[in-house]
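These notes concern the structure reproduced below.
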Amino acid sequence: MKTSLKYTAISLVILMISSCRNSEKRIPTRSQAPLILTEQQIYSTDTTGILIFWTAYKFSNKTGVSGTFNTSIYNPKNTIGNIETILTKSKLLIPTTSVNSGNAIRDFKLNTYFFKAFNTQELKATITKATGNEGLVDLKMNGISKKIAFTYAIEKDTIILFTNLNLNYWKAEEALKILNTECYELHKGADGISKLWPEVDVVVKIPVQKSTL
């Protein structure tokens, strides 16, 4: 798997941007979350319980700032089956206006100075492959579809997917520049450099339960 994906953290999707404040929240990363290899156990999933987390990076030392999306629509082709069956051909749609970084002013800036400039009102993801704890997802942003790799595992009653996005694959350079200009001082680190990274880690959690069928 490519080096840029070694910190994989879905679909999807999802995003993305650095904070316009110095407060931080942390989400699980591949190195922090205990992973258990998937098995051929049959599961069922609740499509309303999906959770999406993102961590973006600011400052030269790549300080993480995390958040979620309040709204998402998860549509699996199969709600019952093994992990691969549940994941493959499943779709995820995320309205970008539902971004939640824990700060209303920051969320306003993300929507106004990034997503609008990025021409992205919705994030659309379709998992095209899932096997052996690795997969591919087709992610559409800014009118551009790109296939990116992800990893996944089952932990207790949750499927956890990890991926890393480089937003420049979707031509986000100008939108990132606009956001960083608006938040220039708040993205300035101890070295005096204002920095907003294009990389974003994403974690998607899909609740499941062992099927009695």
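The values are calculated or read from the model by the stated rules, or taken from the named source; none is laboratory data. Treat the numbers as computed from the prediction; the structure is a model and nothing was measured. Please note: Cβ atoms are built from the backbone with ideal geometry, for glycine as well, and neighbour counts cover all protein chains shown. The protein model used for the area step is the full one, side chains on, heavy atoms only, and it has no ligands, DNA or RNA in it. Shrake-Rupley method; radii C 1.70, N 1.55, O 1.52, S 1.80 Å.
See the values below:
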read-out	value
Selected residue (criterion: modelled with the lowest pLDDT) from residues of the range 143-153 that are open to solvent by less than 50 Å² (accessible area, probe 1.4 Å) and of a type in the set (Gly, Ala, Ser)	153
Subset tally (residues that are buried (at least 18 other Cβ atoms within 10 Å of the Cβ), assigned to a strand (DSSP E or B) and not β-branched (Val, Ile, Thr)) for the range 179-204	4
Where residue 93 falls short, out of the listed (1) over 15 Å from the mean Cα position of the chain (by Cα); (2) under 20 Å from residue 45 (Cα atoms)	(1)
Residue within the range 154-177 that is open to solvent by 80 Å² or more (accessible area, probe 1.4 Å), aromatic (Phe, Trp, Tyr) and either in a strand (DSSP E or B) or within 30 Å of residue 75 (Cβ to Cβ) (or both) present	yes
Residues of the range 113-142 satisfying the condition of being farther than 18 Å from residue 160 by Cα and either among the small types (Gly, Ala, Ser) or buried (at least 21 other Cβ atoms within 10 Å of the Cβ) (or both)	113, 114, 115, 117, 118, 120, 123, 141
Where residue 104 falls short, out of the listed (1) buried (at least 17 other Cβ atoms within 10 Å of the Cβ); (2) over 27 Å from residue 75 (Cα atoms)	(1)
